[in-house]
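The values are calculated or read from the model by the stated rules, or taken from the named source; none is laboratory data. Nothing here was measured: the structure is a model prediction, and the numbers come from that model. All Cβ positions, glycine included, derive from the backbone under ideal geometry; neighbour counts span all protein chains shown. The protein model used for the area step is the full one, side chains on, heavy atoms only, and it has no ligands, DNA or RNA in it. Shrake-Rupley method; radii C 1.70, N 1.55, O 1.52, S 1.80 Å.
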Amino acid sequence: MAHSPIEQFEIKPLAHFEIAGVDVSFTNSSLWMVIVVGLLTVFLIGGTRKNAVIPGRWQVMIELMYSFIAGMVRDNVGKEGKQYFPFIFTLFVFVLGLNLAGLLPYAFTVTSHIAVNFAMAAFIFIGVTLVGFAKNGAGYLKLFAPAGVPWWLMPMIVIIELISYCTRPISLSVRLFANMLAGHIMMKVFAGFIISMAAAGVVGMVGAVVPFTVNVLLTGLEILVACLQAYVFTILTCIYLNDAMHPSH
Amino acid sequence: MGNDNKSPEQEAFDERLNRAQLKAKPVEPDDPDTASRVAFKMGIDLVAGTGVGLFMGYWIDKWFDTAPVFLIVLLILGFVTGLRNVVVEAMRIQKASEDADLTAHDTAANADEQKD
């Protein structure tokens, strides 16, 4: 086959930069992040520019997203979570934008790279830990020592809880990355079937309707996955933030 | 005061509004607990624990020159953590589905009461 299904994930430097021997080139991945941030800025500022009491369709889309995330923060973090709303909302629209933009033909799916997702997850992990210590002081360490555990089991439980805490950024980033990667590979593989079957004569051309149908369905599924994974990424951040603010629960 | 005696139009409107709200309610954001998603999450959780244990053990051994003591101990504890995470998650889902059953039961009972 001419096209490998994983060719689409290749990082191509568009402009070479180097700072202190570290390659910081502007790549196609960086380009798509800039495009998505640009589109989101236009979408969000453009929709709220009128600030109408009775919103138009554009403003309604933004208000729906706003109240969706506001409700998520309220339900999962509580009233004190309001101060983190700008961060959570930015995170949600950024991940959602990247996931959806990746579905456009010729686009690059930034979130299909574990490096990007892990960087985001690691920042969330460090940020949440800092919030935990800032809000609770040393009391935050109680998170690692659940009540009602016999003393002779304590050392082992503390280590297990500590490891469990450290698996959070991995679980968070791998889920998003694996979903995006798998979905895009699957679409590319079925698209490849269409081409190779159609090249095999009339019977093949008729038969190629099957992978084509599958690909149409997969596109719908991938839109769902793109939204759902952005939702999962955001709600998990909320849950971690909640643990940081109320470690006893 | 005037709120008590509503005009028939208002009552009809309220009733329609209530019905529309009831109808709109089940359209919750997609349930993240479908079987395939749960399986996917648990798979990652299980491996992630082992991975973190391996990583921590490797570096502790490197710093304190104790290879392979911590590697082995933390690898086992990491696996235990993975199992624990899966069990905790399973219990959470179990509880969520039981709660959902209870609420569904309540709602059905309420609906029955309203009919009478």
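Side notes on the structure shown:
- Looking only at residues of the stretch A:104-114 that are closer than 15 Å to A:Asn28 by Cα and in contact (Cβ under 8 Å) with a residue 24 or more places away in the chain, we find that the one that is surrounded by the most Cβ atoms within 10 Å (Cβ to Cβ) is A:Thr111.
- Residues being touching a Pro at 6+ places or on another chain (Cβ under 6 Å) and either in contact (Cβ under 8 Å) with a residue 60 or more places away in the chain or away from chain B (no Cβ under 12 Å) (or both) are entirely absent from the stretch A:149-162.
- Only a single criterion out of (1) aromatic (Phe, Trp, Tyr); (2) facing chain B (nearest Cβ under 10 Å); (3) open to solvent by 40 Å² or more (accessible area, probe 1.4 Å) is not satisfied by A:Tyr165, namely (3).
- Test: A:Leu221 is surrounded by fewer than 16 Cβ atoms within 10 Å (Cβ to Cβ), among the hydrophobic types (A, V, I, L, M, F, W, C), more than 30 Å from B:Leu77 (Cβ to Cβ) and modelled with pLDDT of 90 or more: yes
Every residue, every condition in (1) within 30 Å of A:His246 (Cβ to Cβ); (2) within 14 Å of chain B (Cβ to nearest Cβ), yes or no:
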site: A:Thr41; (1), (2): no, no
site: A:Gly47; (1), (2): no, no
site: A:Lys50; (1), (2): no, no
site: A:Val60; (1), (2): no, no
site: A:Met65; (1), (2): yes, yes
site: A:Ile69; (1), (2): yes, yes
site: A:Glu80; (1), (2): yes, no
site: A:Gln83; (1), (2): yes, no
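- Inter-residue pairs, beta-carbon under 9 Å, first assigned to a loop (DSSP other than H, G, I, E, B) and in the stretch A:42-54, second open to solvent by 60 Å² or more (accessible area, probe 1.4 Å), 6+ apart: A:Lys50/A:Trp58
- Taken over the stretch B:34-57, the criterion of being open to solvent by 30 Å² or more (accessible area, probe 1.4 Å), facing chain A (nearest Cβ under 8 Å) and not basic (Lys, Arg) is satisfied by B:Phe40, B:Gly51, B:Met56.
- Only one entry in A:Leu98, A:Leu91 is under 28 Å from A:Val216 (Cβ atoms) and either touching a residue at least 12 places away in the same chain (Cβ under 8 Å) or not small (Gly, Ala, Ser) (or both), namely A:Leu98.
- Every residue from the stretch A:19-48 that is small (Gly, Ala, Ser) and open to solvent by 50 Å² or more (accessible area, probe 1.4 Å): A:Ala20, A:Gly21
- Residue within the stretch A:8-18 that is open to solvent by less than 70 Å² (accessible area, probe 1.4 Å) and either within 21 Å of the chain's Cα centre (by Cα) or closer than 21 Å to A:Thr234 by Cβ (or both) present: yes
- Looking only at residues of the stretch A:119-156 that are among the aromatic types (Phe, Trp, Tyr) and not in a helix (DSSP H, G or I), we find that the one that is least open to solvent (accessible area, probe 1.4 Å) is A:Trp152.
- For beta carbons closer than 7 Å, sequence separation of 6+ or different chains, a first residue in the stretch A:170-186 that is within 10 Å of chain B (Cβ to nearest Cβ) and a second that is part of a helix (DSSP H, G or I) and acidic (Asp, Glu), the qualifying pairs are A:Ser171/B:Asp45.
- Which listed residue, of A:Phe108, A:Phe9, A:Phe92, is closer than 30 Å to A:Ile185 by Cα and within 14 Å of another protein chain (Cβ to nearest Cβ): A:Phe92
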